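Derivation of every value follows stated rules applied to the coordinates shown; laboratory data play no part. Here the structure is a predicted model, which is why all the values come from computation and not from measurement. Note that each Cβ is placed from the backbone with ideal geometry, even for glycine, and that neighbours are counted across all protein chains shown.
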Amino acid sequence: MGTVTLGVSIAVPEPYGSLLQQRRASFGDPAAYGIPTHVTLLPPTEAEAADLPAIETHLSQIATAGRPFPMRLSGTGTFRPLSPVVFVQVVEGASACSWLQKRVREASGPLVRELQFPYHPHVTVAHGIAEEAMDRAYEELSSYEAAWTCGSFALYEQGPDAVWRKINEFPFGGGGTTPAVPAQGGSSMDQPSLHP
């Protein structure tokens, strides 16, 4: 059956996802339309195609143990000069993302891997493009804000055309997906926790 290239991520819902994808394209990033706007939980990882059922079972178990949680994006950051990336920052929901990504990669599971850099949840808006364009992305999205309730994560496969396509979605708690909610202020003290 051969190998496949997989990734696990939290999709940035509409209308935010398309807007950030369009902005990424406007900065001249050729990968923009091949990568749905997301927060990575597992970076591109080679796996045996025959292992897909076990991988999906593993991800389903993680999702069933989780609960919806608030996500909020605000402003920009960069990994330069270490890595040529400009991103929108995850300012709420980062600890839940960290909890999830550890479980996706846990030693007892089928997706064990070491990370090249320490895990830092973010939404990439420019990668590997001219410095001037990276600067523009950093400046133009510096006041960007978005918020929603994260109700699921998904498994993606990268095709031979380099486009990432969703294979399956895993709702938290084993229920249906949580609808996106508009950005709003207020305390997150009464929000449900990811931890069971």
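Less than 5 angstrom separates the built amide H of Val125 from those of Val86, Phe87, Val88, all sequence-distant by 5 or more or on a different chain. Computed from point charges on the beta carbon alone (+1 for Lys and Arg, -1 for Asp and Glu), the dipole magnitude for the chain about its Cα centre is near 320 Debye. Given R0 = 41 Å, the distance between the Cβ atoms of Glu92 and Thr3 translates into a calculated FRET efficiency of 0.70.
Just add up the charged neighbours of Gln158: K/R +1, D/E -1, any other residue whose Cβ is under 14 Å from the Cβ of Gln158. Show your work: numbers first, answer last.
Details: positive: Arg165, Lys166; negative: Glu46, Glu157, Asp161.
Within the 14 Å Cβ shell, the charges total -1.
Can you give the FRET efficiency to the nearest 0.05 for Ser60 and Ala162, using r as the Cβ-Cβ distance and R₀ = 30 Å? Efficiency, rounded to the nearest 0.05: 0.65. Dividing the helix sum by the residues of the chain, where each DSSP H run of 4 or more adds -39500 (n - 2.57), gives a mean residue ellipticity at 222 nm of -7000 deg cm²/dmol. Take the Cβ atoms of Asp135 and Ala31, set R0 to 22 Å, and the FRET efficiency comes out at 0.75. The order of the peptides 16-22, 129-135, 161-167 by mean Cβ neighbours within 10 Å, most packed first, is 16-22, 129-135, 161-167.
Stretching Arg80 away from Tyr119 to a fully extended chain increases their span by 12.5 nm, per 0.36 nm per residue minus the current alpha-carbon distance.
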